[in-house]
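Inspection log for the structure reproduced underneath, given as structure tokens.
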Amino acid sequence: MSMSTPGPERVPSTVKVDKTSGQGKPPAAKSTGAKPGSRPPGKGPQGKGKGRKPVTPVKVSGGRNWGPIAVAGVVVLIAVGIIGYGVFASVKGTQPWQDRAAGIEGIVNYREKKDPAIDSQEHKEGPQTYVTNPPVGGAHNSVWQNCMGDVYPEPIANEHAVHSLEHGAVWVTYKQGLAADQVAKLQEKVEGRDFMLMSPVANLDKNISLQAWGYQLKLDNADDGRIDEFIKDLRLNASLEPGAACSSGNTTTGPLQAAAPGN
């Protein structure tokens, strides 16, 4: 029996382990050149990644919400109105007082009539005859009626009151017997305010009558806003003797007594 010749001895091959792969672990996959933070191919927004949920389309309403638009429109209109009134008030405030007075509805400008009986500034003693009731000008007593916000409960002499108008006062008068609440409202506008006086008048054809020199406004109600306009525009402005006083005048009520003979 013949024996076979043994072949070369087989030596087990040696596997080199990379230091970075860990003991016995396969080396990490080589970089593909993708930048850090980038999505793998096929996983992006346009890819068909595994497990990606479908995006539900957002429906956009075609209707317009008019609520906020309406509110904005109202705000704009209010702003325009405020600005417009401010401009109007500013322009009106720069007008001459005569123009402002002329804008008061119902006011009568007796200066335009050029009536000597009204325009006269002569001082005369004793009772005088006047063109209007109450008078708005004309010859008058040398002593004025005190007009430092004085409220007289009884009629006063026209001749003293007209002299007060000449100094720039506004004379507020009312029909005798006017309701107490109406009288009280007028009194609030006069009492304690210089170059103002107030008294009842007999046989007045309206409930209320306001006088400045050469101007008159008659009204029915003490709540009428024109009262304040008249006072604002004519008090002191209508004076024929700017700087003249309203204090130290006559404070009595009742008609003026007839002048002594020879006066």
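Key figures for this structure:
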read-out: Protein accessible area in segment 112-263, 1.4 Å probe - carbon and sulfur %; value: 46
read-out: Average accessible surface area per residue within segment 173-263, 1.4 Å rolling probe, Å²; value: 49
read-out: Relative packing of peptides 114-125, 184-195, 160-171 - highest average C-beta neighbours within 10 Å first; value: 160-171, 184-195, 114-125
read-out: Accessible-area ranking of 69, 82, 156, largest first, probe 1.4 Å; value: 82, 69, 156
read-out: Under 15 Å from the Cα of residue 124 - aspartates and glutamates, other chains or at least 8 residues apart; value: 159, 166
read-out: Residue-span extension gain [residue 184 to residue 154] - 0.36 nm each, minus C-alpha spacing; value: 9.3 nm
read-out: Whole-number D in µm²/s for segment 140-212 (Stokes-Einstein; Kirkwood sum over Cα pairs; 10 °C, 1.306 mPa s); value: 133
read-out: Computed FRET value (nearest 0.05) for residue 244 with residue 202, which takes r as the C-beta separation and R₀ as 25 Å; value: 0.35
read-out: Global size of segment 95-238 as Cα Rg and Dmax, reported in angstrom; value: 13.8, 40
read-out: Entries in 113/189; 189/232; 114/189 that, when Cα-Cα distance is taken, lie over 23 Å; value: 113/189; 114/189
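The values are calculated or read from the model by the stated rules, or taken from the named source; none is laboratory data. Treat the numbers as computed from the prediction; the structure is a model and nothing was measured. Every residue, glycine among them, receives a Cβ derived from its backbone with ideal geometry; neighbour counts consider all protein chains shown. Side chains are part of the model used for accessible areas, which takes the heavy atoms of the whole protein and leaves out ligands, DNA and RNA. Shrake-Rupley method; radii C 1.70, N 1.55, O 1.52, S 1.80 Å.
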